[in-house]
Amino acid sequence: MAGERILFVDDEAQIRKLVQTFLQRHGYVVTTANDGYEALLAIKKERPHLLITDVSMPNLSGLELTKRLRAEAATARLPIIMLSARKQANDVLAGYAQGADEYVAKPVELAILAAKVELILKRSKMAEEAAGVAPTARGQVCLFLHGKGGVGTTTLAVNSAIALASAMIYRVTLLDLSLEFPNAALLMDLKPQRTLADLSDVRIEDMTDDLFDLFIAPHTSGVRLVVGADRPELAELVTVPAVHHAIDRLRASSDYVVVDSAATFTQHTLAAIDSADVIFVVTSAHLASLKATTDILTVLEKLGVPKARVLLALNRTTASGLEADPVTRFFGRKPDVTIPFTRPFDDAADEGKPLIMTAPQNAGAAVMRDLAAQIAVAAPVTH
Ligand SMILES: Nc1ncnc2c1ncn2[C@@H]1O[C@H](COP(=O)(O)OP(=O)(O)O)[C@@H](O)[C@H]1O
Ligand SMILES: [Mg+2]
């Protein structure tokens, strides 16, 4: 095996160079970090296939780094080798206790390290395949974000999910992470038996496909719906690991996981941003929404989300609002899609029958198909 990304963390420059060169010669792509804190940032940007970390380091030690990675669902399974000069049994045990997969003593015997690297990578690949979440079998995640409520985010998420499922014959799941004001179920006239808030009763490790079926409500369009919470007071029961778990599980059985979100930057939204292959930021043509949208775009930039993954939808939810030119000037870019003011969206919502199904000829419905096509182009299904 070769080509896997390895992140090597050590505060000593000489060792970084030595190990990096050695592993590169074995065909791995090796990046380095000076301490645990730098490592966390690097992992957030791009997840490696394997982490090798020293234990004693300034800022954030290897033990603390491992502990933090294990606490996050996204990195809970990241293979970790710990490297340390401290050979006492206690240190080895502390490393394992924090979740390290292997412990290699310093001074490093490079041949031993290489053997362990190969073994661990092989093991983790087999585990991924067994869990059905091998990278090649992963559906694409399309996240809808908005800085201000009422700009039609849920409307766009629901209709484009249906467009992807029907006209384009993809397997699509809609995940409603607008925890306090969930609307997708209403728009689709569905009621899942369980919500992610119920996941607090079930240990995630004990979750099975049969059990998870209770969380999925099938819609006549073919879209499957999963909701975070169905009552505002239950929103706080939805944990971040539950969100990661749901996204991981759903993307293993869908071509697209479309995620609707709340208008606030919660940990849940951040978790979804982390997994997203493409993000649609939805704005109305009114100043308050435009301003909130620039804030969102700035945050995404700060989080290091590549610009090519971020699309802008201008949704004319009212008959008034700024013209196209001032909106383009405001953002310094044209919206990728503009949805015209479409009164029937309201009736569709009240009746629980998405417009794209009841009035496919409507101009608003046609734009929803265009939006779905843009998702398919920006995040093509690769399997
Ligand atoms: N293009 C549009 N034209 C007219 N009304 C719209 C349009 N898009 C959405 N709406 C209406 O705006 C309201 C808010 O939509 P919703 O999708 O719930 O927004 P959000 O999820 O951003 O809070 C709904 O009543 C919906 O029917
Ligand atoms: Mg909404």
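The values are calculated or read from the model by the stated rules, or taken from the named source; none is laboratory data. Please read these numbers as outputs of a predicted model, since none were measured by experiment. Cβ placement follows ideal geometry from the backbone for every residue including glycine, while neighbour counts extend to all protein chains displayed.
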Return yes when Leu179 is assigned to a strand (DSSP E or B) and crowded, with 18+ Cβ neighbours inside 10 Å and no when it is not. no
Check on Leu69, crowded, with 22+ Cβ neighbours inside 10 Å and either within 22 Å of the chain's Cα centre (by Cα) or over 23 Å from Val305 (Cα atoms) (or both): yes
Check Leu355, Leu371, Leu312 and return the single one that is touching a residue at least 40 places away in the same chain (Cβ under 8 Å), touching a Phe, Trp or Tyr at 6+ places or on another chain (Cβ under 7 Å) and not charged (D, E, K, R). Leu355
Residue identified as polar (S, T, N, Q), more than 16 Å from ligand 1 (Cβ to nearest atom) and under 19 Å from Val151 (Cα atoms) among Thr328, Thr338: Thr328
Criterion: assigned to a helix (DSSP H, G or I), in contact (Cβ under 8 Å) with a residue 12 or more places away in the chain, within 16 Å of ligand 1 (Cβ to nearest atom) and in contact with a strand residue (DSSP E or B) (Cβ under 8 Å, 6 or more places away or on another chain) - qualifying residue of Ile247, Ile296, Ile279, Ile273: Ile296
On the basis of being of a type in the set (A, V, I, L, M, F, W, C), assigned by TED's automatic domain parsing to the domain that holds Thr154 and touching a residue at least 60 places away in the same chain (Cβ under 8 Å), does Ile216 make the cut? no
Somewhere in the range 330-342, is a residue of a type in the set (Gly, Ala, Ser) and either in contact (Cβ under 8 Å) with a residue 24 or more places away in the chain or buried (at least 17 other Cβ atoms within 10 Å of the Cβ) (or both)? no
Note on the range 187-203: residues surrounded by 17 or more Cβ atoms within 10 Å (Cβ to Cβ) and outside any loop (DSSP other than H, G, I, E, B) are Leu187, Met188, Leu196, Ala197, Asp198, Leu199
Going through Tyr103, Tyr37, Tyr96, Tyr28 one at a time, which residue ends up being without any contact (Cβ under 8 Å) to a residue 12 or more places away in the chain and within 32 Å of the chain's Cα centre (by Cα)? Tyr96
Can you tell me how many residues in the range 1-22 are assigned to a loop (DSSP other than H, G, I, E, B) and farther than 18 Å from Tyr37 by Cβ? 4
Going residue by residue through the range 75-86, is there one that turns out to be surrounded by fewer than 17 Cβ atoms within 10 Å (Cβ to Cβ) and over 30 Å from Ile247 (Cβ atoms)? yes
All positions within the range 146-173 that are within 16 Å of ligand 1 (Cβ to nearest atom) and over 17 Å from Val282 (Cα atoms): Ile162, Ala163
In the range 23-44, which residues are assigned to a loop (DSSP other than H, G, I, E, B) and out of contact with any Gly (no Cβ under 8 Å at 6 or more places or on another chain)? His26, Asn34, Asp35
Applying the selection to the range 85-126, what residues are of a type in the set (S, T, N, Q) and modelled with pLDDT under 80? Gln88, Asn90, Gln98
